[in-house]
Each structure stands twice: as structure tokens, then as C-alpha cells.
Amino acid sequence: MRLTRYFLPVLKENPAEAQIVSHRYMLRAGMIKQQAAGIYSWLPLGLRVLRRIEQIVNEEQERAGHIPLLMPTLQSADLWRESGRYDDYGEEMLRIKDRGGRELLYGPTNEEMITDIFRAHVTSYKSLPLTLYHIQWKFRDEMRPRFGVMRGREFLMKDGYNFDIDQDAALHAYNRHMVSYLRTYERMGLTAIPMRAASGPIGGDNTHEFLVLAQTGESEVFYDDRVTALKLGSRAIDYGNRAQVAEVCREFTTLYARTDETHDAAVFDTVPEAHRKVGRGIEVGQIFYFGTMYSAAMGALVVNDKGEKVPVEMGSHGIGVSRLLGAIIEASHDDKGIIWPEGVTPFPVGIVNLKQGDVAADAACEGLYKALSLCGLEALYDDRDERAGAKFATMDLIGLPWRITVGPRGLANGVVEVTSRRTGVSEEMTPEAAVARVAAIYQAN
Ligand code: 5CA
């Protein structure tokens, strides 16, 4: 993408309404535009990151054997009356009437609708296990929408629902989600700690939230800091292997890690003092096991292997897809701007032409652009007729992890400069070596 042809409405000033760094940088980098309280347009750069995050979520869900579908944003109120949640959900639910006076709502979550789909088509244990998920916009009329995409009213969520024949199978689904979420967050460059939590309006008594530690997080968290060193890494996971998956969950949930809702001071006191930490965190996901709560109320029954009709065992599992952009920026930035992890960056690399219009510099930039593209890497080429300082400031703000800088002086010696946004370290090398260097980094990711 050439910057002169792109739509990147960067702001020079800090927007007054942004209280936290991620919101500030998302506005300044031209990623989002507020349309109403807690409701945003996704501008091209923001949309690119959102799509990257969706792609990682999809890949990891499908790897775990979960099946995508797509349910609508609008739901019928009657479905929610069946579960009893229509009245319970309160003012957070946006209730709508169509021209015929029929009551609809903009879905805040989809337990009822997925249960309705299930009961219409599945009658036997032979069709189980089954986990269906979608990535769809939700609406919650939050009392205090704030911090940009972090607490929106309209927000993008991945929500998945498992259907199993008995509790053991449903708990395996719960564990499978936990492990797939750990891998999802790691691929985004995040450490998200599973913490025992409270279930709120979703219900059930087995639930974990995934928290990214950040001073600006809305949740107070209490943890043994050794939990932050745990990594899934590239170990092979067989999602069908109940014992292996359960063992990974045990590894990640044994050390003390709880939100204020479930914090127990007496248990926390048993953590060695040097490791006892109190901090704040951003909730980027939550998993729930709630058994037959919805299936019993809504008549989602299956015949088991003894020929008995029983309510299907369920759980639901959510990832805050749009919130993740904010969480990643909170975890990865400096005073010049965002520092995207390679896994989610909107463009893998930026090209800065220090002297637009110089024949050699222009030709070298075009050559790099093409060579990168042949390696499958779409560069953002700053081909504006601007000062070097302004170009660097834009690149630093929008946070591409790698930058290739091209100028007449370097080219006279046959070199360009490759700079890491994270470390600030620059290295001179030939244009060919620069392409190979950047390509190798993304191959490893
Ligand atoms: N049905 C369940 C799981 S599918 C559910 O709705 N869970 S939830 O309420 O915990 O939401 C899942 C995730 O969505 C949260 O962990 C959070 O990351 C994200 N989320 C929730 N509310 C908001 C909001 N107002 N703005 C942005 N993200 C949100």
C-alpha cells in the first residue's frame, strides 16, 4: 500500500476525550472514529488489525475442532423469555420493536439462539460432541462506555458454545477452550492469565476470565507472579486427548490468580510474600461451564446411549475481539506510539523514502516494495513528499514492527537501513538482505 493512495487520517494533537494510552493512539493513528458513545467506525488501519485478530481467533478455534457459523445481531425477545433472561438482563439490553410491533433485541450474547439452533437439529448423543462459534457484533448498553474499544457498547466478540452428552465431556470442552485461548493470546504477543472469576448474568459456577496485566485495566487482580512466566510455546496439543488438555489447564491454573470477585485473602496469604502481587488487568476473554441451565429451560434434549432423553450439557466461551486491540496497545507501546507484535500488525513492514523524487531512492523503494510483495509481505510505503522527521513520526505512531529506510546517501554505498520498532536498533544492509531479513522474521512467526 502506498501512503499517498491510502486513507490514514493521523491526528497531530492528543484527543482530549481519550483517558488511556490505547484509546489515544487508536484515535491518533487513524484507526477508529467515534460515532456515538461506545460506538465506533473502524477506519482502514484499525480494520486491518481487527481482521488479523479475527483470523488468529478463527485459526485457533478451528484447530481445537470448533465449527464456525454466523448468527444475526438481532434476536427475538420470545427466545429470551424461554430462558427467563429477557426480564433479568436489565437495562444493558437494547430492546427494539419492528414495524409489526414484534419485540426484538440487539444480542448481547447468544446462549438462547444457539440452543434454539441445536434443539431444531440435534436429537442424539451420536451427533456429540459439538462446539459452534461465531464472531459477531454485540450490543450492551453499558452504563459507562469508556476507554474507546475497551468498553464499547457495540463490540465484536467471538462466542462459542459447546454441546456434550455428560459433565466429563463438557468439562473437556471447557479445558479445550482454555488451552485454545492461551494459544490465541500468545500468538497476539500477549500474556493473558486465566483467573478464577464470577459468572454474572451468563450463569454457572465454573468460570475463568483471561486477564492481561495493565495499570489501566478495569479489574483488580491478585496473583502469584510466577504465573506470568508460564508459556504454552510451540508444544503440540492433541485437543482430543482429555488427559493432556487437562494437564495443561492444571499447569496454568494452580498458582493463585483471582479477580477481586473471587479473591480469598486467607488463601492468598499462603503465597510466598515475594511472589504475592496485587495489580490491575484487562479481561480479554471468559469461559463458562453451566451444564443444563439453558438446555433444560429451552427443551434442548438428546437421547443418550441408554435410550433416555436428557438435557444437553453446555458451556459458553467468549473472546473480546475488538477489546483486544486496546489490550495489545496497553501492553505494547512507548511514548512515540504503538508497537505491534508481528502476529497482529496491520502491515508487516514500512518503507520510508527519505528523498521522494530522487531517482535512485524512488527506484530502490519500488524494488523493495515489489520484492517484499513477492515474499507475501504487503509493505506500507511512505511515498509522500514529506520531511524525514514527519515520516518517522508517522511510522512510530502506527507501530509497524519493522521499517526499511531508503536514502540517497545509503544507496551510494549500496545499503538501506532496517530498524526494529521495539528495540530502535538499526542495521545497514543491501536491499536484498533487507527483504530476506524481514521475510525470515515473518516466516518464523
Ligand atoms: N456468552 C459469554 C461467553 S460467549 C459472554 O458473553 N461472556 S462475556 O460477557 O464475558 O463476554 C466475553 C468477552 O467480551 C469479555 O471477556 C470481554 O473481553 C468482551 N466484552 C464484554 N463486554 C465488552 C464491552 N462492553 N466492550 C468490549 N468488549 C467487551
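Read the figures in this text as sums done on the coordinates, not as results from a lab. The shown structure was predicted, so the numbers you read here are calculated from the model rather than taken from an experiment. Cβ sites come from the backbone with ideal geometry, for glycine too, and all protein chains shown count toward neighbours.
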Legend entry - Cβ-Cβ FRET estimate between Asp334 and Arg409, R0 fixed at 41 Å, reported to 0.05: 0.90
Legend entry - Gap separating the Cα centres of region 260-317 and region 365-416, nearest whole Å: 48
Legend entry - For region 15-31, Karplus couplings with θ = phi - 60° (6.51, -1.76, 1.60), whole Hz, Gly/Pro x: x, 5, 6, 8, 8, 10, 4, 5, 5, 4, 5, 5, 5, 5, 7, x, 8
Legend entry - Nearest 10 degrees, 0 to 90: helix 388-398 Cα axis against the chain principal axis: 10
Legend entry - Rounded Å value of the spacing that divides the Cα centres of region 95-143 and region 172-237: 25
Inset, instruction - Once you have the Cα-Cα distance between Asn206 and Val267, take 0.36 nm times their residue separation minus that, and quote the gain in nm to one decimal. - result: 20.1 nm
Legend entry - Shape of region 349-444, Cα gyration tensor, a/c cut at 1.5: rounded
Inset, instruction - Specify which residue in the list Ala36, Ile441, Ser373 is farthest towards the positive end of the charge dipole of the chain, using unit charges on the beta carbon of Lys, Arg (+1) and Asp, Glu (-1), about the Cα centre. - result: Ser373
Legend entry - Gyration tensor (alpha-carbon) shape descriptor, region 64-199, a/c threshold 1.5: oblate
Inset, instruction - Please work out how much length the chain gains when fully extended from Arg276 to Arg235, using 0.36 nm per residue of separation minus the C-alpha to C-alpha distance, in nm with one decimal. - result: 11.9 nm
Inset, instruction - Please determine, in degrees from 0 to 90 and to the nearest 10, the orientation of helix 321-331 with respect to the longest principal axis defined by the Cα atoms of the chain, where the helix direction is its Cα long axis. - result: 50
Legend entry - Beta bridges by DSSP in the chain, antiparallel share as percent, to the nearest 5: 85
Inset, instruction - Give the calculated FRET efficiency between Glu427 and Tyr6 to the nearest 0.05, with a Förster radius of 30 Å applied to their Cβ-Cβ distance. - result: 0.65
Legend entry - Taking Lys355, Lys309 and counting other C-beta atoms within 10 Å, the order from fewest to most: Lys309, Lys355
Inset, instruction - Could you list which residues have their amide H under 5 Å from that of Asp334, counting only those 5 or more apart in sequence or on another chain, with H placed in the peptide plane? - result: Ile339
Legend entry - Bridge type composition, region 302-404 - antiparallel percent by DSSP, nearest 5: 35
Inset, instruction - Using +1 at the Cβ of each Lys and Arg and -1 at the Cβ of each Asp and Glu in the chain, identify which of Gly414, Phe290, Phe118 lies farthest towards the dipole's positive end. - result: Gly414
Legend entry - Point-charge dipole on Cβ atoms (K/R +1, D/E -1) for region 3-338, about Cα centre, debye to 20: 1320
Legend entry - Derived scalar couplings ³J(HN,Hα) [region 91-97; Karplus, 6.51 cos²θ - 1.76 cosθ + 1.60; whole Hz; x for Gly, Pro]: 6, 5, 8, 8, 9, 10, 10
Inset, instruction - Report the calculated FRET efficiency for Ser127 and Glu62 (r = Cβ-Cβ distance, R0 = 22 Å), to the nearest 0.05. - result: 0.70
Legend entry - Unit charges at the beta carbon, dipole of region 222-361: most positive-side option, Ala331, Pro346, Ala360: Ala360
Legend entry - Ratio Rg/Rh, restricted to the chain and using Cα atoms, in which Rh is the Kirkwood radius: 1.02
Legend entry - Ranked Trp42, Trp340, Trp80, criterion: other C-beta atoms within 10 Å, fewest first: Trp42, Trp80, Trp340
Legend entry - Acute angle (nearest 10 degrees) that the helix 111-121 long axis makes with the longest principal axis of the chain, alpha-carbon atoms: 70
Legend entry - Inter-part distance where region 55-75 and region 156-170 are each reduced to a Cα centre, Å: 12
Legend entry - Under 22 Å, Cα to Cα: Lys pairs in the chain, sequence gap 8 or more or different chains: 14
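Stretched out fully, how many nm does the piece from Ala297 to Arg99 gain, at 0.36 nm a residue minus the Cα gap? Don't jump to the answer; show the numbers that get you there.
Working: separation 198, 0.36 × 198 = 71.28 nm, distance 2.96 nm.
Fully extending the segment from Ala297 to Arg99 adds 68.3 nm.
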Legend entry - Fewest-first sequence of Tyr133, Tyr89 by Cβ atoms within 10 Å of each Cβ: Tyr89, Tyr133
Legend entry - region 141-266: translational diffusion in µm²/s, Stokes-Einstein, Kirkwood Rh over Cα pairs, 20 °C, 1.002 mPa s: 133
Inset, instruction - Pop a pseudo-label 7 angstrom from the Cα along the beta-carbon direction at both Glu82 and Ala36 and give the gap in nm to one decimal. - result: 2.9
